[in-house]
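Comments concern the structure below.
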Amino acid sequence: MEPKFLVDFMLGRLCKWLRIFGFDTEYFTSLNKNIIVYQSLKEGRILLTRDQRVSKNKALKVLLIDSDNYEKQIQQVLKELNLKVDPEKMFTRCCLCNTLLEPIEKEKVKDKVPSFVYQTQENFSFCFTCQKIYWPGTHWDSMRNKYTQIQTAR
């Protein structure tokens, strides 16, 4: 079973990268610690936090994140939870809202993406929650390279 994460407000970049890697990752922006504990328990999510007091809650599955550096944070999560990124699941979630992306026909995005993108890309994905459109541009290669760097450094 794939892990599900709840990331506290101090770890926004980590949240974004876990989503890029295909992990179900909710971002919690409230400062109310009782609510984050409740949500983690209710949804069966592993809490990723920099808050030492919250991390001591024995009722939670929690990982205290050591570093301020997002690359080291990713390394820690993957190493300590013994996780591997499935290349097939990369780029399957919206990095803004965590919704699973759906394929969308090229014709439907014609007036919603830059004309160069429309002319050079064939495959598009759509987030039905926040209406964001994704495509496999050069930024995907950069993100894959970042993952390779992180894996190598583990």
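The values are calculated or read from the model by the stated rules, or taken from the named source; none is laboratory data. This structure is a prediction, so every number in the text was calculated from the model and none was measured. Neighbour counts run over all protein chains shown; Cβ positions are idealised from the backbone, glycine included.
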Exercise. Is at least one residue of the stretch 120-135 over 14 Å from residue 95 (Cβ atoms), among the aromatic types (Phe, Trp, Tyr), free of Cβ contacts under 8 Å to residues at least 60 places away in the same chain and assigned to a strand (DSSP E or B)?
Worked result: yes
Condition set assigned to a loop (DSSP other than H, G, I, E, B) and of a type in the set (Gly, Ala, Ser), scope the stretch 31-72, selection farthest from residue 18 (Cα to Cα): answer is 59
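One line per residue, one yes/no per condition, for (1) of a type in the set (S, T, N, Q); (2) within 30 Å of residue 62 (Cα to Cα):
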{"position": "80", "(1), (2)": "no, yes"}
{"position": "85", "(1), (2)": "no, yes"}
{"position": "89", "(1), (2)": "no, yes"}
{"position": "104", "(1), (2)": "no, no"}
{"position": "120", "(1), (2)": "yes, no"}
{"position": "130", "(1), (2)": "no, yes"}
{"position": "136", "(1), (2)": "no, no"}
{"position": "144", "(1), (2)": "no, yes"}
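To keep it simple, each residue is scored yes or no on (1) small (Gly, Ala, Ser); (2) loosely packed, with under 14 Cβ neighbours inside 10 Å.
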position	(1), (2)
73	no, no
80	no, yes
85	no, no
94	no, no
98	no, no
101	no, no
115	yes, yes
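Just one of 96, 11, 48 is touching a Cys at 6+ places or on another chain (Cβ under 7 Å), at pLDDT 95 or above and outside the structural domain of residue 138 (by TED's automatic domain parsing); which is it?
Answer to the selection: 96.
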Going through (1) in contact (Cβ under 8 Å) with a residue 24 or more places away in the chain; (2) surrounded by fewer than 13 Cβ atoms within 10 Å (Cβ to Cβ); (3) not in a helix (DSSP H, G or I) one by one, residue 25 fails only at (2)
Residues of the stretch 89-119 being under 29 Å from residue 6 (Cβ atoms), of a type outside the set (Ser, Thr, Tyr) and in contact (Cβ under 8 Å) with a residue 24 or more places away in the chain, in sequence order, are 89, 90, 91, 93, 94, 95, 96, 97, 98, 101, 102, 104
So is residue 91 outside the structural domain of residue 42 (by TED's automatic domain parsing), under 17 Å from residue 17 (Cβ atoms) and in contact with a strand residue (DSSP E or B) (Cβ under 8 Å, 6 or more places away or on another chain) or not? yes
Residues of the stretch 136-154 being among the charged types (D, E, K, R) and part of a loop (DSSP other than H, G, I, E, B), in sequence order, are 154
ask   = Is the stretch 100-108 home to any residue that is closer than 20 Å to residue 15 by Cβ, in a loop (DSSP other than H, G, I, E, B) and at pLDDT 95 or above?
value = yes
